[in-house]
Amino acid sequence: MRRAAVVAALLILFTGTPAQAAPGVGVRVDPTSKSSVGKDFAGFSYEKDRVGARMFNARNTDLVRLFRLLGPSLLRIGGNLVDMTTWNPAGTGGKSTEVTPADIQELSLFAKATGWKIVYGINLKTNTPEAAADEASAATRILGKDLVAFEIGNEPNVYVKTWPEYEALFSKYADAIRAKVPGAKFDGPGQANSSSWAEDFARTQKDRGASILSTHVYIAKNTEADIAKMLASNSSGRLPNISDAMQKAWQAHGISQWRVTEANNYFHGGADGVSNVQAAALWSLDYMSGVASRQGSGINFHGGTSTQFPLHYSPIRYDGLDPVGVQAVYYGELLWKLAGPGAYHSATVSGASDVTAWGVGNNVFVNNKSTSAVTTTITLPKKAHSAKVYVLTAPALDSKEITIAGSKVEKNAKFTPRPKNVKVTGTTTTVDVPANSAVLVVTR
């Protein structure tokens with residue numbers, strides 16, 4: 001007691017404020033589960049023109065390594081430029097304005113080198129069903145088992161105003177593709193920030209090759225980018241409402257999965273200082289948790305480069321076609337991946353309003369978005385012997401200096417985390433969570 005008093009007095013002397021223990025927070029993880037998290041939950045989405053530009057090739061060794069560190073997972077090829085990129089079956093390749101068989105071959109080699117599967121987008125807006133079918137046939141032949149599904153068009157509700165109009169257009173393309181590729185699989189409808197066609201798509205397409213019920217979701221336009229609003233977006237508004245609607249449509253009509261095949265924080269590329277800082281990493285964790293809790297199969301976070309505008313939110317940063325590092329959303333996805341696949345468990349939090357928590361398997365996330373460190377007592381879904389704690393942290397919410405367990409991720413995917421060991425007594429463990437940080441408790 002005497003020593004503690006001396007320490008407290010010294011802290012007051014040198015800081016001018018009395019020493020205070022971190023607030024106590026309780027996290028109780030529900031041992032039951034209605035959802036599961038697969039290996040491909042945290043994926044990527046890229047613009048279609050990046051295929052012709054040859055961003056995806058097995059010789060791009062740093063990019064291969066960065067994909068491997070996060071994967072194996074699912075790469076969705078599409079974006080706005082899918083509807084501006086043409087198919088040239090006789091071309092030699094290497095042009096961003098078109099895709100050729102040689103370009104798809106490079107994509108195939110990249111997929112094999114990384115272990116990632118592909119959702120392959122096909123032009124709908126400025127194409128013909130015949131050309132779409134020819135490209136789909138080539139993609140099927142070249143990609144083989146690495147092809148998961150075709151996505152016809154990007155966010156068709158932007159240029160097709162009604163469901164009947166879209167259904168007729170989609171059917172023309174899908175029928176032409178199935179005629180050349182019997183057994184072809186599709187995702188859709190992939191609307192922009194909407195789920196209004198999800199029920200109709202699931203109902204009419206579930207027996208016609210649809211294997212993924214999809215949507216694209218962003219918080220708002222980048223002119224509205226704001227850290228506080230970004231962090232609040234997972235608790236109310238567009239993100240949870242669309243996830244609720246997608247779960248309902250999926251449950252009602254029996255398509256094998258529903259997925260957010262394109263997402264990030266603020267559309268039109270996000271905003272520097274909001275979309276690429278620690279707050280965005282914490283936001284991405286809560287968003288993935290929200291989709292998983294509603295039985296979604298994953299999120300493809302949009303990134304890479306674009307000829308339309310800078311992609312500040314991109315998980316991987318680029319100089320031309322080459323990666324130069326990673327940023328906020330990549331760190332969120334990487335922490336998620338370190339939990340591994342398993343049953344998703346909801347959790348209740350007591351003692352704090354800016355802390356969220358959930359479990360995957362017997363591992364637990366605690367996401368502390370408050371300005372104060374907290375000491376968290378966790379009740380696990382089942383007993384464990386010990387645990388390692390990975391802390392995703394940065395000096396501040398608006399900082400780009402992000403680490404996981406003391407390590408950055410270098411451009412060549414070098415990642416040397418040093419997680420701390422903590423004791424587990426039965427189903428209980430206690431961990432400290434710094435302010436504006438998240439922890440992952442991995443049990444053994």
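The values are calculated or read from the model by the stated rules, or taken from the named source; none is laboratory data. All figures in this text were calculated on a predicted structure; none of them were measured in a lab. With ideal geometry, Cβ positions are generated from the backbone for all residues, glycine too; neighbour counts draw on all protein chains shown. For accessibility, only protein heavy atoms count, side chains too; no ligands or nucleic acids. Shrake-Rupley method; radii C 1.70, N 1.55, O 1.52, S 1.80 Å.
The helix-only estimate of mean residue ellipticity at 222 nm for the chain, built from DSSP H runs of length n ≥ 4 each weighted as -39500 (n - 2.57), is -9000 deg cm²/dmol after division by the residue total.
Descending by average beta-carbon neighbour count within 10 Å, the peptides 100-108, 426-434, 220-228 line up as 100-108, 426-434, 220-228, the highest first. Size estimate for region 39-113 follows the Kirkwood approach: the inverse of mean 1/r over distinct Cα pairs works out to 12.6 Å. Apply 1/(1 + (r/R0)^6) to the Cβ-Cβ distance of A396 and Y159, taking R0 = 45 Å, and write down the FRET efficiency to the nearest 0.05. Efficiency computed from Cβ-Cβ geometry: 0.65.
Positive-end ranking of Q247, G237, G209 along the dipole of region 178-249, with charges on Cβ about the Cα centre, is headed by G209.
When only the Cβ of Lys, Arg, Asp and Glu is charged (+1, +1, -1, -1), the dipole of region 371-439 relative to its Cα centre reaches about 360 debye. Extending 7 Å from Cα along the Cβ direction at R418 and again at K172 yields two label points whose distance is 6.3 nm. Within the chain, antiparallel bridges make up roughly 50 percent of the DSSP beta bridges whose residues both belong there.
Of the residues A131, G342, F301, the one whose Cα sits farthest towards the positive end of the charge dipole of the chain is G342 (charges of +1 on Lys and Arg Cβ, -1 on Asp and Glu Cβ, taken about the Cα centre).
Pairs from the table (K382/K408; K229/K414; K145/K383; K48/K161; K400/K420; K125/K185) lying more than 29 angstrom apart at Cα are K382/K408; K229/K414; K145/K383.
The distance linking region 197-264 with region 342-392 is 26 Å (Cα centroid to Cα centroid, whole angstrom).
Here S372 and T126 are evaluated by their C-beta separation; at R0 = 60 Å the FRET efficiency comes out at 0.70. Annotation: amide H-H contacts under 5 Å for E155 (H modelled 1.01 Å from N, sequence separation of 5 or more, or interchain): none. Label 7 Å along Cα→Cβ of S236; region 351-376 residues with amide nitrogen under 16 Å? Answer for this model: 353-354.
Only helices reaching 18 angstrom along their own axis (Cα) with mean Kyte-Doolittle hydropathy no lower than 0.5 count here, and for the DSSP H runs of the chain these are 2-15, 278-293.
Counting 0.36 nm for each residue step from K34 to A22 and taking away their Cα separation leaves a gain of 1.0 nm.
Using only side-chain charges placed at the Cβ, +1 for Lys and Arg and -1 for Asp and Glu, the dipole size of the chain relative to its Cα centre rounds to 1740 debye.
With protein chains left intact and a 1.4 Å probe, residues in the chain average 40 Å² of accessible area per residue.
Stretched out straight at 0.36 nm per residue, the stretch from S256 to T86 would grow longer than its current Cα-Cα span by 58.2 nm. Here the label points at K408 and D62, each 7 Å from Cα along the C-beta direction, are separated by 1.2 nm in the simple model.
The share of accessible area on the chain that comes from carbon and sulfur is 53 percent, using a 1.4 angstrom probe. Pairs of Cα atoms nearer than 8 Å and 6+ residues apart set the relative contact order; for the chain it is 18 percent. Each of H312, W283, Q257 was scored by the projection of its Cα onto the charge dipole of region 228-313, and the greatest displacement toward the positive side belongs to Q257; charges sit on the C-beta of Lys, Arg, Asp and Glu.
Using a/c under 1.5 as the rounded threshold, could you call region 149-285 rounded, prolate or oblate? The axes a ≥ b ≥ c are square roots of the C-alpha gyration tensor eigenvalues, and prolate needs a/b larger than b/c, oblate otherwise. Note, shape of region 149-285 comes out prolate.
For region 326-444, the dipole from Cβ point charges (+1 on Lys and Arg, -1 on Asp and Glu) about the Cα centre works out to 480 debye, to the nearest 20.
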